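In what follows, a structure is listed as structure tokens, so that the remarks can point back to it.
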Ligand SMILES: Nc1ncnc2c1ncn2[C@@H]1O[C@H](COP(=O)(O)OP(=O)(O)OP(=O)(O)O)[C@@H](O)[C@H]1O
Ligand SMILES: [Mg+2]
């Protein structure tokens, strides 16, 4: 296991009177892919969104690279420095249809990092190269397959040179060989760039292949946090067993 990048402790989050995150302790290390599985509605996306700063927990602490970025219900001043090191990729590709790949990739970084057009374009070429899409700089999203679009979405997240990549069901709309290609991209990024990657998925074969750490989320709590081998082959947690049996084909 590499250096700890993210350490979240005691995260609590309610929507109305429903408690969605119940005292969650969660960590991620550089160079690790952490796969999060669990029933629909168990709070997986809420956890990723809390770490990404898209939603604020009610209680708990989040530290990034040893700096506290969230405590006592709010983001600290350090969050502003750290925010750009967190990239998030969603299930739907969220690319603008009226812009080519270059435009999609450079829009936000040009504003946020104040890059010139040519600096942003250079960075886009490098990021696309990392996901094997360098030849698609001028393609429109509609000209790309689902797997290609998802690789562009990953490359777009790489534009900010993140240390952490949060991926929420990014292969759900892809068939297995294409999902495997996307997984190869993530594996290469963690190995070559040393990124910490968190991956939510409902695909257990994909989870078993991808994970360095396997987290099973159950009713807002981390019920199991171990290696994928242990989780899928030796865990005695009854909720995990039931969940895995229910989704096994
Ligand atoms: N902004 C919100 N307002 C109210 N309720 C919400 C909000 N976001 C999430 N929830 C609720 O919190 C619960 C957990 O949602 P979450 O999206 O984290 O689940 P999940 O584990 O990602 O599920 P899935 O596998 O279906 O994506 C759900 O019951 C959801 O309806
Ligand atoms: Mg979700």
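Values quoted throughout were computed directly from the atomic coordinates according to the rules given, and no laboratory measurement underlies them. Everything numeric in this text was worked out from a predicted model, so none of it was measured. Note that we place each Cβ from the backbone using ideal geometry, even for glycine, and neighbour counts take in every protein chain shown.
Starting from 0.36 nm per residue, how many nanometres of slack lie between residue 230 and residue 77 once their C-alpha separation is accounted for? Intermediate results must be reported in sequence, preceding the final value.
On the way: separation 153, 0.36 × 153 = 55.08 nm, distance 3.93 nm.
Between residue 230 and residue 77, full extension yields 51.1 nm more.
How would you rank 19, 215, going from fewest to most other Cβ atoms within 10 Å of each one's own Cβ?
Values: 19 16, 215 25.
Ascending Cβ contact count within 10 Å gives the list 19, 215.
Taking the highest mean first, how do the peptides 154-162, 102-110 order by number of other beta carbon atoms within 10 angstrom per residue?
On the way: 154-162: 22.2, 102-110: 19.0.
Ranked by mean Cβ neighbours within 10 Å, highest first: 154-162, 102-110.
In nanometres, what is the gap between the two model label sites at residue 40 and residue 202, each 7 Å from Cα along Cα-to-Cβ?
0.5 nm
Just the ratio, please: alpha-carbon radius of gyration of segment 106-215 over 2.2 N^0.38 Å, N its number of residues. Each step should come with its number before you reach the end.
On the way: Rg = 14.2 Å, N = 110, 2.2 N^0.38 = 13.1 Å.
Normalised Rg, Cα atoms only: 1.08.
With N set to the number of residues, divide the alpha-carbon radius of gyration of the chain by 2.2 N^0.38 Å and report two decimals.
Values: Rg = 18.0 Å, N = 249, 2.2 N^0.38 = 17.9 Å.
Dividing the Cα Rg of the chain by 2.2 N^0.38 Å gives 1.01.
Mind giving me the nanometre distance, one decimal, between the label points for residue 67 and residue 92, set 7 Å out from Cα along Cα→Cβ?
3.3 nm
Do the sum for the chain: with -39,500 (n - 2.57) for every DSSP H run of n ≥ 4, divided by all residues, what is the mean residue ellipticity at 222 nm, to the nearest 500 deg cm²/dmol?
On the way: 8 runs with 82 residues, N = 249.
One gets -9500 deg cm²/dmol as the mean residue ellipticity at 222 nm.
Give the calculated FRET efficiency between residue 188 and residue 113 to the nearest 0.05, with a Förster radius of 30 Å applied to their Cβ-Cβ distance.
Working: r = 24 Å, r/R0 = 0.80.
Once the sixth-power term is evaluated, E becomes 0.80.
Can you sort 11, 113, 47, 144 so the residue with the fewest Cβ neighbours within 10 Å comes first? Please list the in-between numbers first.
On the way: 11 26, 113 14, 47 29, 144 18.
Ranking 11, 113, 47, 144 by Cβ neighbours within 10 Å, fewest first, gives 113, 144, 11, 47.
Which residue fluctuates the most in the chain, going by a Gaussian network model with Cα springs under 10 Å, if the choices are 56, 212, 77?
77
Treat the count of other C-beta atoms within 10 Å as a stand-in for reagent exposure and order 145, 92, 235, 42 from fewest to most. Don't skip to the end; give the middle numbers.
Values: 145 10, 92 13, 235 18, 42 22.
By the 10 Å Cβ count, ascending, the order reads 145, 92, 235, 42.
Relative to the longest principal axis of the chain, what angle (0 to 90°, nearest 10) does the C-alpha long axis of helix 117-130 take?
On a 0 to 90 degree scale, this one is about 50.
Note the full-extension length gain between residue 161 and residue 84 as 0.36 nm times their separation in residues minus their Cα-Cα distance, in nm to one decimal. Walk me through the intermediate numbers first.
Working: separation 77, 0.36 × 77 = 27.72 nm, distance 0.77 nm.
So the extension gain works out to 27.0 nm.
Starting from the Cα-Cα distance between residue 248 and residue 126, subtract it from 0.36 nm times their residue separation and give me the gain in nm to one decimal.
Details: separation 122, 0.36 × 122 = 43.92 nm, distance 3.89 nm.
My answer for the length gained is 40.0 nm.
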